[in-house]
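What follows is a set of notes on a single structure, which appears directly below.
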Amino acid sequence: MIRHVLKKGATELGLKVSATVTASLELFTAELLKWNNRVNLTAITTIDEIAIKHFLDSLVLAEHITGADTMLDIGSGAGIPAIPVKILKPELKVVSVDAVGKKIHFQRHVARLLQLEEFEAVHARVEKLPSSYDRSFDLITSRAFSDLRNFVEIAHPFLADGGRIVAMKGSAAADEIKSAESVISAFGYEIYSQYNYWLPFGMGERNLITIAACKGR
């Protein structure tokens, strides 16, 4: 069962996952597998991979969220990391954006089942979001949406003063940082931190790249 994989994996990563969080993630898993039989939401379909690659990876991000009241998740797919982060941090206001309608319909369905408040799933290309979202988010994140250079360019208009952009990347993070250096600098940003970790059970290397305004600006 997924709870056993979550517990073992969380221990390996030094995370604490409560029974309440686990129950919500179990429901999320059941709905994901059920919907995925009818519509293609994710290529990750085994219990172990869902627990590790979707959930624990998202919960590592959640552990690094401090001081944020609002979060924008760009290209969120089936709701990763937006929904697991919201489950762990219910006080966080989350807007989740994806251009594929069926994935947003799924997210809204799960949000209703889990009674997630202040969670908005938006069907749109992020470039087409209304101007009311400009400068609205303390945290903007994405996983596997695009390369770092493009992500920073797209995220920039929506970042509030003092906010942070956090990119969830794999083993090629260093190469992406190098290719994005000019764009990051042009917007007055810098690499604030880079957190490297390995997913449990040999499921891959991950990096959280945090970008923020340069000190003194």
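When residues in segment 137-150 are screened for being outside any loop (DSSP other than H, G, I, E, B) and touching a residue at least 60 places away in the same chain (Cβ under 8 Å), 8 of them pass.
Here residue 61 meets each of (1) modelled with pLDDT under 95; (2) within 16 Å of the chain's Cα centre (by Cα); (3) within 30 Å of residue 162 (Cα to Cα) with one exception, condition (1).
The residue list 23, 43, 30 contains one member that is hydrophobic (A, V, I, L, M, F, W, C), part of a loop (DSSP other than H, G, I, E, B) and either surrounded by fewer than 20 Cβ atoms within 10 Å (Cβ to Cβ) or touching a His at 6+ places or on another chain (Cβ under 6 Å) (or both), which is 43.
For residue 56, the stated conditions hold: it is out of contact with any Ser or Thr (no Cβ under 7 Å at 6 or more places or on another chain) and either assigned to a helix (DSSP H, G or I) or surrounded by 17 or more Cβ atoms within 10 Å (Cβ to Cβ) (or both).
Filtering segment 95-148 to residues that are under 16 Å from the mean Cα position of the chain (by Cα), aromatic (Phe, Trp, Tyr) and surrounded by fewer than 22 Cβ atoms within 10 Å (Cβ to Cβ) leaves only 145.
Table: residues versus (1) in contact with a Ser or Thr (Cβ under 9 Å, 6 or more places away or on another chain); (2) among the charged types (D, E, K, R).
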| residue | (1), (2) |
| --- | --- |
| 26 | no, yes |
| 44 | no, no |
| 52 | no, no |
| 64 | yes, no |
| 70 | yes, no |
| 99 | no, no |
| 102 | no, yes |
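Scanning segment 86-99 for residues that are assigned to a helix (DSSP H, G or I) and either farther than 18 Å from residue 109 by Cβ or touching a Cys at 6+ places or on another chain (Cβ under 7 Å) (or both) gives a single hit, 88. Return the residue satisfying two criteria in turn: it lies in segment 156-172 and is of a type in the set (Gly, Ala, Ser) and either touching a helix residue (DSSP H, G or I) at 6+ places or on another chain (Cβ under 8 Å) or assigned to a strand (DSSP E or B) (or both), and of such residues it is farthest from residue 74 (Cα to Cα). If we take residues in segment 156-172 being of a type in the set (Gly, Ala, Ser) and either touching a helix residue (DSSP H, G or I) at 6+ places or on another chain (Cβ under 8 Å) or assigned to a strand (DSSP E or B) (or both), then 162 is farthest from residue 74 (Cα to Cα).
Cβ-Cβ contacts under 6 Å between residues 6 or more apart (or on different chains), taken from a first residue in segment 112-132 that is of a type in the set (Val, Ile, Thr) to a second residue that is at pLDDT 95 or above and not in a strand (DSSP E or B), are listed as 126/154. Only one of 153, 181, 176, 117 is closer than 16 Å to residue 70 by Cα, of a type outside the set (Ser, Thr, Tyr) and not in a strand (DSSP E or B); which? Exactly one residue qualifies, and that residue is 117.
The values are calculated or read from the model by the stated rules, or taken from the named source; none is laboratory data. Quick caveat, the model's predicted, so the values are computed rather than measured. Please note: Cβ atoms are built from the backbone with ideal geometry, for glycine as well, and neighbour counts cover all protein chains shown.
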